[in-house]
Amino acid sequence: IMKMSELEKSLESSERGAYVSRMFDRIAPRYDLMNRLMSLGQDQRWRRRMATLAALPPAGWALDLATGTGDVAAALLQRDPSAHVVGADFAVEMMRVGQQKGQNGPITFMAADGLALPFADQSFDAVLHAFLMRNIADIRAGFREQWRVLKPGGTVVCLEIVGPAAGWTRTLYHLFFERIVPQLGTVVSGDRMAYSYLPQSVLRFPDPERLSRLMADEGFIDVRYERLMLGSIAIHSARKAE
C-alpha cells in the first residue's frame, strides 16, 4: 500500500497524470456509487446545472472533459437531444463503464489528455468538466487548451470540490472528507488510497477566487462562480470572447 508521503509526492511529480489515470481505472466499477454517496445524492443535480450553464445552441457541439462514466455528457443530451457530445478522458476503463450504462445516449467517447487535446482550434460551443482541474498537472495549461478548442463566444463550465471557506461547515467538511470518505472508499470500492487522494488533492487546489483569476489570465471573460453543498462545491462558468 502506498504511504501518504508517496501519495503526496505523486501529486507533485511529472508522473501525476499516469498515477491519476491508473487510480480512476481501478475504481471505475464503483465510481458512480461513490459519487452518489459522497455527494449525498446531489452530484447529478450539479451536472444538470452545468448543462444549463453551458447554454448550448441547438445542435451545438460540446466537449465533456474527464468524462468518466459520461454523466455530464448525459446531462447535456437530456437537456438537448440534438446536441453533439464528445466525452474525453485518459482513464479508459471509466469510459468503458460509461458505454455499458446504455442510457447515456449518442455520446462519442474517446481517449484524450486534457493538456494536449486532439481537436482543432474552435471546435466546440462548450467545454465542460467535473473534478478535472484538481487532477491536472498544470491548471493554466489545461485552461489554455480549453480556450483553444472553444469557438468564439463559447462557454466553459468547471465543477470542483473547493471546501467551505471557514466556520463549522469547514470543520464538518474536513471530518467527512479526511476521515469518513477514505473509510467509505475502502468498503465500497476496496481502494482506500484513491479516496485518501481526494482530500489531499483538494488541499492543493486554488480557492474559487484564485481559480477565477487563473481563468481570466488564460483569456476567458465573464468569469463567475456559484457555491453549492454548504460551500464545498464550486461551479465556475466563463466565455471566450467573440
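The values are calculated or read from the model by the stated rules, or taken from the named source; none is laboratory data. Bear in mind the structure is a predicted one, so any value in this text is a computation, not a measurement. Cβ coordinates were reconstructed from backbone atoms using ideal geometry, including for glycine residues, and neighbour counts include every protein chain displayed. What goes into the accessible areas is simple: the full protein's heavy atoms, side chains included, and nothing from ligands, DNA or RNA. Shrake-Rupley method; radii C 1.70, N 1.55, O 1.52, S 1.80 Å.
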## Note on the structure
Nearest 10, in degrees from 0 to 90: the angle of helix 208-217 to the longest Cα principal axis of the chain is 40 degrees
### Task
Provide the three semi-axes, in whole Å and in decreasing order, of the ellipsoid equivalent to the chain as defined by the square roots of 5 times the Cα gyration tensor eigenvalues.
27, 20, 18
## Note on the structure
Ranked output for segments 88-99, 69-80 by mean other Cβ atoms within 10 Å, highest leading, reads 69-80, 88-99
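On average, how much accessible surface per residue is there in the stretch 128-242, in Å², for a 1.4 Å probe, leaving out ligands, DNA and RNA?
Working: 4880 Å² over 115 residues.
On a per-residue basis, the stretch 128-242 sits at 42 Å².
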#### Entry: Bridge type composition, the chain - antiparallel percent by DSSP, nearest 5
45 percent
### Task
Of the options 29, 100, 183, report the single residue whose Cα projects farthest towards the positive end of the charge dipole of the chain (beta-carbon charges: Lys, Arg +1; Asp, Glu -1).
183
### Message
Restricting to DSSP H runs of at least four residues, report the calculated mean residue ellipticity at 222 nm for the chain, -39500 (n - 2.57) per run over all residues, nearest 500 deg cm²/dmol.
### Response
-13500 deg cm²/dmol
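For the chain, give the percent of accessible area contributed by carbon and sulfur heavy atoms, probe 1.4 Å, rounded to a whole number.
On the way: 5910 of 10980 Å².
That share works out to 54 percent.
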### Query
Scaled to the compact-protein estimate 2.2 N^0.38 Å, what is the alpha-carbon radius of gyration of the stretch 35-74, rounded to two decimal places?
1.26
#### Entry: Gap separating the Cα centres of the stretch 169-242 and the stretch 72-87, nearest whole Å
24 Å
### Message
Classify the stretch 78-214 from the C-alpha gyration tensor, please: rounded if a/c falls under 1.5, else prolate or oblate depending on whether a/b exceeds b/c.
### Response
oblate
### Query
For the stretch 56-136, max minus min Cα coordinate along each principal axis, in Å, sorted largest first?
31, 30, 19
## Note on the structure
Per 10 angstrom bin, beginning at 0 and ending with the bin that holds the maximum distance, the Cα pairs of the stretch 41-98 fall in percents of 26, 53, 21, 0
### Query
Over the chain, what is the mean sequence separation of C-alpha contacts under 8 Å (at least six apart), divided by residue count, expressed as relative contact order in percent?
20 percent
